[in-house]
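**Q** Please read through the structure below; I'll follow up with questions.
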Amino acid sequence: MSDTNQYLTFTLDEEQYALSVLKVREVLEFTRITKIPKTAAYMKGVINLRGQGVPVIDLRSKFGLPEIENTKDTSIIVMEVEGNGGGVVLGALADSVQEVIELEPSQIEPAPRFGTRLATEFILGMGKKDEKFIIILDIDKIFNSEEVSLLNQVEASEETVQA
């Protein structure tokens, strides 16, 4: 058995990022997002995914990047995030979704201690493919337990509205 791992690659602000495919449920084209008042700036609202309310967050906003207009390439990556209070399904906006790639451990370097716009605790490592770096995110660490519990509440309140 090989140690090769598969990652879904996507872009934000012309940088390449990746998530373990084990975290990704599906990728959707951009769809209408119902806004929820009085939530964090990065919280865009909820989408209806086969009758289930799924909170959608804007990774650009969460990472302190400038917001841009949605394009035909804007996608929603539906994933499962684990926090102290359990798991939550959420959607994350990406400028575009690229492909699923395979990286061997030898192609992944530890996160640098400086020089990235993201806090390094969010980064599992730096993948190298075709002489380009890909920032591999630890999606569970991007959201602290308080935020995951807030997302759980948003999801629960949306399901109550659907009922």
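**Q** Can you give me the number of residues within region 43-53 that are exposed (fewer than 15 other Cβ atoms within 10 Å of the Cβ) and either in contact (Cβ under 8 Å) with a residue 60 or more places away in the chain or polar (S, T, N, Q) (or both)?
**A** Residues that pass the stated criteria total 3.
**Q** Out of GLY127, GLY115, GLY85, I need the residue that is more than 22 Å from GLU14 (Cα to Cα) and at pLDDT below 95. Which one?
**A** Matching residue, one of GLY127, GLY115, GLY85: GLY85.
**Q** Still on this structure: Out of VAL88, VAL97, report the one residue that is crowded, with 16+ Cβ neighbours inside 10 Å, over 28 Å from LYS129 (Cβ atoms) and touching a residue at least 40 places away in the same chain (Cβ under 8 Å). Full working, then the answer.
**A** Numbers: VAL97 fails: over 28 Å from LYS129 (Cβ atoms).
Just one listed residue meets the conditions, VAL88.
**Q** Checking PHE122 against (1) modelled with pLDDT under 85; (2) more than 12 Å from the chain's Cα centre (by Cα); (3) buried (at least 18 other Cβ atoms within 10 Å of the Cβ), which single condition isn't satisfied?
**A** Unmet condition: (2).
**Q** Follow-up question, since we're still on this one. Every residue in region 54-73 that is in contact (Cβ under 8 Å) with a residue 24 or more places away in the chain and surrounded by 16 or more Cβ atoms within 10 Å (Cβ to Cβ), please.
**A** VAL54, PRO55, VAL56, ILE57, ASP58, LEU59, ARG60, LYS62, PHE63, LEU65 - these are the residues of region 54-73 that are in contact (Cβ under 8 Å) with a residue 24 or more places away in the chain and surrounded by 16 or more Cβ atoms within 10 Å (Cβ to Cβ).
**Q** Quick check on this structure: which one of SER145, SER61, SER75, SER96 is of a type in the set (Ser, Thr, Tyr) and modelled with pLDDT under 85?
**A** Residue meeting the stated conditions: SER145.
**Q** Quick one: how many residues across region 42-55 are small (Gly, Ala, Ser) and touching a Lys or Arg at 6+ places or on another chain (Cβ under 9 Å)?
**A** Total meeting the criteria: 1.
The values are calculated or read from the model by the stated rules, or taken from the named source; none is laboratory data. All figures in this text were calculated on a predicted structure; none of them were measured in a lab. Glycine gets a Cβ as well: all are built from the backbone with ideal geometry, and neighbour counts include every protein chain shown.
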